[in-house]
Amino acid sequence: LVGWIRQTSAPLNVRKQAVTQIRWQLPDIGWRLVLALWPTNHGATSPPMSPRYRDWKPETPAMPVAEWIDFIEHLVGLAIELADDDAKRWGELAGRLGTLPPDARRRLLGAIEGYADPGSLTAEDRLRVWDALNQEVLRHRRFPSADWSMDDEPLVRMEAIAARLEPTSD
């Protein structure tokens, strides 16, 4: 199901359907699967074994960038649905914003903004999401010139969400 390598037996639409089906039938496993398939800066995998000489074999194991981004968008949509009203899951997603393409990041940030209403969250839930956002912003601010570091625009937006959720007491 890895979205960034080409599979001869599982095209993109089949992988998306499989992840979606698991999400509906087994939500907890679906959550772990979505996070396992989430893009990372240091992910590695071995492509599936295939015959050396076949005319149907893809020329490269790499997935076209447009398809990979489509798969990421699908994962983000599933993650937003699965996070629902679980602060722990929203915190996990907040800590994974940096590896997303800009459009997917904006979509997830919008969903976090919608969830992060200080009046409807418990103090513990506010702390959990605030901490995840704050840690992610600090990491990216600490290494602004790194290849993996986010631009200023999403960081400012994350800081604004974190400021709304910042704990007011010990």
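The values are calculated or read from the model by the stated rules, or taken from the named source; none is laboratory data. Predicted, not measured: the structure shown is a model, and the values here were computed from it. Neighbour counts run over all protein chains shown; Cβ positions are idealised from the backbone, glycine included. Accessible surface is based on the protein model in full, side chains and every heavy atom, while ligands, DNA and RNA are left aside. Shrake-Rupley method; radii C 1.70, N 1.55, O 1.52, S 1.80 Å.
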For this session: Can you tell me the alpha carbon radius of gyration of the stretch 114-156 divided by the globular rule-of-thumb value 2.2 N^0.38 Å?
Result: 1.38
For this session: Just subtract the alpha-carbon distance of residue 127 and residue 20 from 0.36 nm times their residue separation and send over the number in nm, one decimal.
Result: 35.5 nm
Exercise. How would you order 103-114, 159-170 from highest to lowest mean count of nearby Cβ atoms within 10 Å?
Worked result: 103-114, 159-170
Exercise. Can you list the chymotrypsin sites (Phe, Trp or Tyr not before Pro) in the stretch 61-170 that are in a DSSP coil and have 15 or fewer other beta carbons within 10 angstrom?
Worked result: 148
For this session: May I ask you to give the percent of accessible area on the stretch 71-170 that is carbon plus sulfur, with a probe radius of 1.4 Å?
Result: 47
Seminar exercise, completed: Probe 1.4 Å, heavy atoms of protein chains only: per residue, the accessible area of the stretch 87-145 in Å² is 50
For this session: Give a residue-ordered list of calculated ³J(HN,Hα) values for the stretch 137-151 (Karplus: 6.51 cos²θ - 1.76 cosθ + 1.60, θ = phi - 60°; whole Hz; x for Gly, Pro).
Result: 4, 4, 4, 6, 5, 5, 10, x, 8, 5, 4, 8, 6, 6, 5
